[in-house]
Amino acid sequence: MLLGASATEGQVKAHLNADLLHFACHAFLNRDNPLESYLLLEPDSADDGHWTVSEIFGAQTQAQLVVLSACRSGLGKRYRGDEIVSLSRAFMAAGSRQVIASLWEVNDASTLSLMEDFYRHLKAGGNPALALQQAQMDLIRGKIKVPGLRVNHPFYWAPFLLFGD
């Protein structure tokens, strides 16, 4: 597990052989040049901390699942005759079977609660699609409380989608 200052771009690249990769960081969407969209990691002596879509396309991972619990991580740009170029698509091209990503800016507190519940369901034997659906339903039904937020509103539970098989 890489947290805080240890989550450098170089360290993340060194751990791409994990079965599960979870990124709880900032994501930046470059609508004009989606290959320059990036995850914001810690810089190190070899890397600037901006892990771009073009760099991820060139990487190789064995991760069965990549979770991008970051704002707008599922958005990109569609090119004629091509799929959408985005962070989620880059991870799939790098070898991940499934990617969970968001379609809009997310609330930190509700996302934390949703992701904790998602992993609880995943650990209980659910597949990622079912675990995400169950966590979203828990928010909708009020089983998860986040002080000061009405998390059953779609803004809080609907931004996350599963891409892949």
### Message
Condition check: open to solvent by 30 Å² or more (accessible area, probe 1.4 Å), within 17 Å of GLY164 (Cβ to Cβ) and under 13 Å from the mean Cα position of the chain (by Cα). Does LEU103 satisfy that?
### Response
yes
### Task
Select from the stretch 56-87 the residues that are over 22 Å from MET1 (Cβ atoms) and not in a loop (DSSP other than H, G, I, E, B) and write down the one among them that is most open to solvent (accessible area, probe 1.4 Å).
ARG78
#### Entry: Residues that are polar (S, T, N, Q) and open to solvent by 50 Å² or more (accessible area, probe 1.4 Å), drawn from the stretch 110-140
ASN127, GLN133, GLN134
### Task
May I ask you to list the residues in the stretch 37-55 that are in a loop (DSSP other than H, G, I, E, B), open to solvent by 10 Å² or more (accessible area, probe 1.4 Å) and of a type in the set (Ser, Thr, Tyr)?
SER45
### Message
From the list ARG89, ARG72, ARG80, exactly one residue is of a type in the set (Lys, Arg) and touching a residue at least 60 places away in the same chain (Cβ under 8 Å). Which is it?
### Response
ARG89
#### Entry: the stretch 141-158, residues that are surrounded by fewer than 16 Cβ atoms within 10 Å (Cβ to Cβ) and part of a helix (DSSP H, G or I)
PRO154, PHE155
### Residues (in a helix (DSSP H, G or I), among the aliphatic types (A, V, I, L, M) and over 10 Å from LEU41 (Cα atoms)) located in the stretch 1-24
ALA14
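The values are calculated or read from the model by the stated rules, or taken from the named source; none is laboratory data. Remember, predicted model here, so these are calculated numbers, not experimental data. Backbone-built Cβ (ideal geometry, glycine too); neighbour counts: all protein chains shown. Side chains included, ligands, DNA and RNA excluded: accessible areas come from the protein's heavy atoms. Shrake-Rupley method; radii C 1.70, N 1.55, O 1.52, S 1.80 Å.
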